[in-house]
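Worksheet for the structure shown next.
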């Protein structure tokens, strides 16, 4: 699991959770981007997870699900 340290001058505790501002330090902006990328990776299912949940895409789609 990744750990992100936000270390910038004049930054407060949990500043990375506040609404972004054009006045934010570049370090903070970069940290937010890394946090967003990491959380997106955690929440994006793998091909195997999708197949386990919904079946293989090689299987025919039931008629009632076809458009």
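How many of the residues making up the stretch 32-45 are touching a helix residue (DSSP H, G or I) at 6+ places or on another chain (Cβ under 9 Å) and modelled with pLDDT of 85 or more? Lay out the reasoning, then the answer.
In the first step, residues of the stretch 32-45 are kept if they are touching a helix residue (DSSP H, G or I) at 6+ places or on another chain (Cβ under 9 Å); the result is 32, 35, 45.
Subset that is modelled with pLDDT of 85 or more: 32, 45.
Of the residues in the stretch 32-45, 2 are touching a helix residue (DSSP H, G or I) at 6+ places or on another chain (Cβ under 9 Å) and modelled with pLDDT of 85 or more.
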(request) Give the residue that is farthest from the chain's Cα centre (by Cα), with candidates limited to residues of the stretch 16-57 that are closer than 21 Å to residue 6 by Cβ and in a loop (DSSP other than H, G, I, E, B). (result) 23
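The values are calculated or read from the model by the stated rules, or taken from the named source; none is laboratory data. None of the values given here were measured: they were computed from a predicted structure. Virtual Cβ from ideal backbone geometry, glycine too; neighbours counted across all protein chains shown.
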